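Only the coordinates and a few stated rules stand behind these numbers; no lab work does. Nothing here was measured: the structure is a model prediction, and the numbers come from that model. Neighbour counts are summed over all protein chains in view; Cβ atoms, including those assigned to glycine, are modelled from backbone coordinates with ideal geometry.
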Amino acid sequence: GAGVSQSPSNKVTEKGKDVELRCDPISGHTALYWYRQSLGQGLEFLIYFQGNSAPDKSGLPSDRFSAERTGGSVSTLTIQRTQQEDSAVYLCASQRGGQETQYFGPGTRLLVL
Amino acid sequence: RKEVEQDPGPFNVPEGATVAFNCTYSNSASQSFFWYRQDCRKEPKLLMSVYSSGNEDGRFTAQLNRASQYISLLIRDSKLSDSATYLCVVVLTGGFKTIFGAGTRLFVKA
């Protein structure tokens, strides 16, 4: 079946602009995660959605970052007033309820000039 | 101190070699443990779960020592296709806050 998809696959933007990154989880998966992976680094947890519950935003690095999940499915990560240090790969993962495995999308490579 | 620490490597080994990766975690409120594999410019994929009783899947063996807060991965009879970065992963109590180590790079050479 279809896996997790993310768009765009690559995004180049200028410092100060806003960007939106999209994640389509696997159908039926109730949990959705956003991570950030900087060059040569491990994944950094950003935010977690579970069903219709309020998301856990404890990993968001600043108030310029926000995320929504509409209808318990598609999620959008928004970065406002991008900075060069925001350049990274942004990965989305989904997870079936009661299961431990997280299934990752291919990521969005963001470059802020 | 990082919450999950791994030797970054790289480990360069010949085909057929046995290689061991170590990982330590600092948060005692950790409930689940995993090894993920990440190929260059690809997304991470689950390799195996890790239990105190040990977990073996073919050439791969994972072990957890809760008292020492230590996780290991052993790869026997290395193949060229094992070349990748291996990520140590800890899920905290509550079941969702997931902490990834920075990964250990492995290169298997013919």
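Local charge sum around residue B:31 (other residues, Cβ-Cβ under 15 Å, Lys/Arg +1, Asp/Glu -1)?
0
Please check which bits of segment A:73-113 a label hung off residue B:27 would reach, taking the label as a point 7 Å along Cα-to-C-beta and the cut-off as backbone N under 13 Å.
Residues passing the 13 Å test: none.
Just to confirm the filter: which trypsin sites (Lys or Arg not before Pro) across segment B:79-108 are DSSP coil and have at most 12 other Cβ within 10 angstrom of their Cβ?
Details: sites: B:79, B:97, B:105; in loops: B:79, B:97.
Passing both the DSSP loop test and the Cβ count: B:79.
Order by neighbour count: A:22, B:41, fewest other Cβ atoms within 10 Å first, most last.
B:41, A:22
Can you work out the FRET efficiency for the pair residue B:70 and residue A:100, with r the C-beta to C-beta distance and R0 = 22 Å, to the nearest 0.05?
FRET efficiency, residue B:70 to residue A:100: 0.65.
By residue number, which cysteines of chain B lack any other Cys whose Cβ falls under 4.7 Å from their Cβ?
B:40
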